[in-house]
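Novice: Dropping a structure here in structure tokens format, bear with me for questions.
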Amino acid sequence: MVNVYNILIGQDDCPHTLITSQVPGLVIYVMNTSDDENNYQKTFSIFISKRKEDLKEALDRLKNYPNIKGLDLLGRKENMMSLIYSFPKTSAFRNVEKLGFRMHPVVIRNGQERWFFISDANDLLSRGKTLLNDHVTKLITIKKLTTNEFINTYIKLFNSIWKMKIDSETGGDAYEIISEALKAGYYDWPRQSNLSELSKIIKVPRSTLTYKIRKLEKRVFSELEESDA
């Protein structure tokens, strides 16, 4: 029987965990990983941060990481950038083949890497604790997921990418505005608060708030229209 696990690890031999520990506002989404020549792994990743300065720092740190090769910046827009590069295989990457396979995207933030992992091994919990704990790898948590837990968590993962994209394109405070508007009942019917009341809660001038909400709504609806194309 195939099972899905949620695994959280720390790695001392991985550029992703190092860089996200050094740039706290940065989140890295590893979208694909494959074997490369000479015991290297090749990665396609998306770097996201609310601050553009964080992306520049992250890129500089990645360029200076030991034995990085083939670094290619594919694109950069606002607070996101996509890259392809190779680096020496980590201990965890070498060992996962003995356990099953990990799904993408892999999410790294604050020096920790989270996997969705597929395995038909009956003893994964015990073997994982052995294979993912060594002098450079630390297994933080491993949890077997129910079908509902996996579906809900996996959907939330892609939602988080979409939210960060929208947030970066609408001024960096989009979801703070949405959160406060929902709490205040601005989107209820009938409305429990108006723009003047909401602007006092968020501490943003009413005219600015009106512009931000309209910009956000237009961006969200444009995304929905594009997704149906």
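The values are calculated or read from the model by the stated rules, or taken from the named source; none is laboratory data. The structure presented is a predicted model; accordingly, all values stated were derived computationally and were not measured. Quick reminder, even Gly has a Cβ in these numbers, built from the backbone with ideal geometry, and neighbours come from all protein chains shown.
Novice: Name the single residue that is farthest from the chain's Cα centre (by Cα) among those in the stretch 36-75 being of a type in the set (Lys, Arg) and closer than 21 Å to Phe158 by Cα.
Specialist: Here the residue is Arg51.
Novice: Could you please give the count of residues in the stretch 9-53 that are in contact (Cβ under 8 Å) with a residue 60 or more places away in the chain, in a strand (DSSP E or B), among the hydrophobic types (A, V, I, L, M, F, W, C) and buried (at least 16 other Cβ atoms within 10 Å of the Cβ)?
Specialist: Going through the stretch 9-53 one residue at a time, the tally reaches 6.
Novice: Restricting the search to the stretch 1-37, which residues are β-branched (Val, Ile, Thr) and in contact with a Pro (Cβ under 8 Å, 6 or more places away or on another chain)?
Specialist: Val30
Novice: Also, I was wondering about something else. Might you check whether a residue that is part of a loop (DSSP other than H, G, I, E, B), touching a helix residue (DSSP H, G or I) at 6+ places or on another chain (Cβ under 8 Å), modelled with pLDDT under 75 and under 27 Å from Lys50 (Cβ atoms) occurs anywhere in the stretch 154-172?
Specialist: Looking through the stretch 154-172, at least one residue is part of a loop (DSSP other than H, G, I, E, B), touching a helix residue (DSSP H, G or I) at 6+ places or on another chain (Cβ under 8 Å), modelled with pLDDT under 75 and under 27 Å from Lys50 (Cβ atoms).
Residue by residue, here is whether (1) surrounded by fewer than 19 Cβ atoms within 10 Å (Cβ to Cβ); (2) without any contact (Cβ under 8 Å) to a residue 12 or more places away in the chain; (3) in a loop (DSSP other than H, G, I, E, B); (4) not assigned by TED's automatic domain parsing to the domain that holds Ser34 holds:
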site	(1), (2), (3), (4)
Pro66	yes, yes, yes, no
Leu71	yes, no, no, no
Arg76	yes, no, no, no
Phe87	no, no, no, no
Met103	yes, no, no, no
Phe116	no, no, no, no
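Novice: Can you name the residue in the stretch 177-212 that is aromatic (Phe, Trp, Tyr) and under 22 Å from Lys163 (Cα atoms) and, of all such residues, is surrounded by the fewest Cβ atoms within 10 Å (Cβ to Cβ)?
Specialist: Tyr187
Novice: Does Arg127 satisfy the condition of being of a type in the set (Lys, Arg) and part of a strand (DSSP E or B)?
Specialist: Considered against the rule, which asks whether it is of a type in the set (Lys, Arg) and part of a strand (DSSP E or B), Arg127 comes out as no.
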